[in-house]
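The values are calculated or read from the model by the stated rules, or taken from the named source; none is laboratory data. These figures come from a predicted structure and were not determined experimentally. Glycine gets a Cβ as well: all are built from the backbone with ideal geometry, and neighbour counts include every protein chain shown.
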């Protein structure tokens with residue numbers, strides 16, 4: 001769940017078998033949602049194919065960024081910590097991609 005001053009967005013993976021759900025609310029309007037039919041392999045197959053192409057030399061340059069991957073994992077870690085502690089978590093990017101960058105509010 002991403003909470004803002006004027007609303008939220010929340011992703012529920014596996015809302016139903018083969019279905020994810022996104023709920024959001026902004027500006028005092030009613031909560032809206034959209035369901036997305038997909039399977040977990042859909043999430044990663046193209047990325048894995050790209051990594052294989054880079055490793056085998058089929059592709060010379062990668063569009064993937066280690067820094068973006070680290071940032072993504074920091075956001076995932078913040079989400080897990082927030083869920084476990086039932087508290088808001090702030091990410092202090094000045095502390096780098098480390099557990100110390102996560103601050104419970």
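Taking the stretch 65-76 as the region of interest, how many residues are surrounded by 11 or more Cβ atoms within 10 Å (Cβ to Cβ) and more than 20 Å from residue 4 (Cβ to Cβ)?
Summing the residues that are surrounded by 11 or more Cβ atoms within 10 Å (Cβ to Cβ) and more than 20 Å from residue 4 (Cβ to Cβ) in the stretch 65-76 gives 3.
Counting only residues that are under 15 Å from residue 1 (Cα atoms) and in contact with a helix residue (DSSP H, G or I) (Cβ under 7 Å, 6 or more places away or on another chain), which one in the stretch 84-105 is surrounded by the most Cβ atoms within 10 Å (Cβ to Cβ)?
First, pick out the residues of the stretch 84-105 that are under 15 Å from residue 1 (Cα atoms): 84-91.
From what is left, the residues that are in contact with a helix residue (DSSP H, G or I) (Cβ under 7 Å, 6 or more places away or on another chain) are 88-89, 91.
Details: 88: 11, 89: 19, 91: 15.
In this case the residue turns out to be 89.
Which strands (runs of 3 or more DSSP E) sit wholly inside the stretch 4-105 and have at least 2 residues that are under 16 Å from the mean Cα position of the chain (by Cα) and on the phi < 0 side of the Ramachandran plot?
Counting at least 2 such residues, we get 7-16, 19-26, 89-91.
Working carefully through the options 81, 11, find the one that is closer than 30 Å to residue 105 by Cα, without any contact (Cβ under 8 Å) to a residue 24 or more places away in the chain, surrounded by 12 or more Cβ atoms within 10 Å (Cβ to Cβ) and not assigned by TED's automatic domain parsing to the domain that holds residue 102. Steps first, please.
Numbers: 81 fails: not assigned by TED's automatic domain parsing to the domain that holds residue 102.
11 is the lone residue from the list that is closer than 30 Å to residue 105 by Cα, without any contact (Cβ under 8 Å) to a residue 24 or more places away in the chain, surrounded by 12 or more Cβ atoms within 10 Å (Cβ to Cβ) and not assigned by TED's automatic domain parsing to the domain that holds residue 102.
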